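First, the structure itself, so that you have it in front of you.
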Amino acid sequence: MTTNLFLKYLAGIGIFLLILTLLLHGRGEIGKFTDFSIYAIIAFSLLSYVMFYLGKMAAKSSNKYTFNNIIIGNMILKMFLCVIIILVYKNIYQIESRAFLLPFLVIYLAYTIFETYFLTKLAKG
């Protein structure tokens, strides 16, 4: 996968999720948490950008385990950061509702699928 193609896909998923977020957040209790969803989109976009370049370097590495190590490290880091981000946001804003978690999980899932796609493309060639 070329860098230009990756950046087009990254922009596409970011714009799609931003539009989806703005449409869904206009209704009900979830509307209070639009900022959190936008922060999540930005954070996951940056993480995907970093993962693309790390994956690109690892795919060229002579050590065949480098690519796997990066993928496993990314999974652990992403899960750890998600828990911390959720706890910090919940504590700072004193949120009682769990409504902000659903959009966050959708965004997390979308970027996880996207990362799996582009890392698979990088691994193959």
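Suppose we filter the range 31-59 for residues that are of a type in the set (A, V, I, L, M) and within 22 Å of Leu87 (Cα to Cα); how many remain?
Qualifying residue count, the range 31-59: 7.
Another one. Being among the hydrophobic types (A, V, I, L, M, F, W, C) and closer than 21 Å to Leu17 by Cβ narrows it down to one residue among Leu87, Leu122, Leu81; which is it?
Checking each option against the conditions leaves just Leu81.
Looking only at the range 107-121, decide whether some residue is assigned to a helix (DSSP H, G or I), free of Cβ contacts under 8 Å to residues at least 40 places away in the same chain, among the β-branched types (Val, Ile, Thr) and over 20 Å from Leu10 (Cα atoms).
Checked the range 107-121: no residue is assigned to a helix (DSSP H, G or I), free of Cβ contacts under 8 Å to residues at least 40 places away in the same chain, among the β-branched types (Val, Ile, Thr) and over 20 Å from Leu10 (Cα atoms).
Of a type outside the set (Ser, Thr, Tyr), surrounded by fewer than 18 Cβ atoms within 10 Å (Cβ to Cβ) and part of a loop (DSSP other than H, G, I, E, B) - does that describe any residue in the range 35-58?
no
Filter the range 52-70 down to the residues that are within 20 Å of Tyr108 (Cβ to Cβ) and touching a Phe, Trp or Tyr at 6+ places or on another chain (Cβ under 8 Å), then identify the one that is modelled with the highest pLDDT.
Per the stated criteria, the residue is Phe52.
Take the conditions assigned to a helix (DSSP H, G or I) and surrounded by 13 or more Cβ atoms within 10 Å (Cβ to Cβ) and apply them to Ala99. Does it pass?
Criteria not met by Ala99.
Check Thr116, Thr112 and return the single one that is β-branched (Val, Ile, Thr) and surrounded by 14 or more Cβ atoms within 10 Å (Cβ to Cβ).
Thr112
Which residue out of Val88, Val50, Val83 is under 17 Å from the mean Cα position of the chain (by Cα), over 21 Å from Phe118 (Cβ atoms) and free of Cβ contacts under 8 Å to residues at least 40 places away in the same chain?
From the options Val88, Val50, Val83, the qualifying one is Val83.
Would you point out which residue out of Leu102, Leu17 is touching a residue at least 60 places away in the same chain (Cβ under 8 Å), among the hydrophobic types (A, V, I, L, M, F, W, C) and within 30 Å of Gly125 (Cα to Cα)?
Unique residue meeting the criteria: Leu17.
The values are calculated or read from the model by the stated rules, or taken from the named source; none is laboratory data. All values derive from a computational prediction rather than experimental measurement. Quick reminder, even Gly has a Cβ in these numbers, built from the backbone with ideal geometry, and neighbours come from all protein chains shown.
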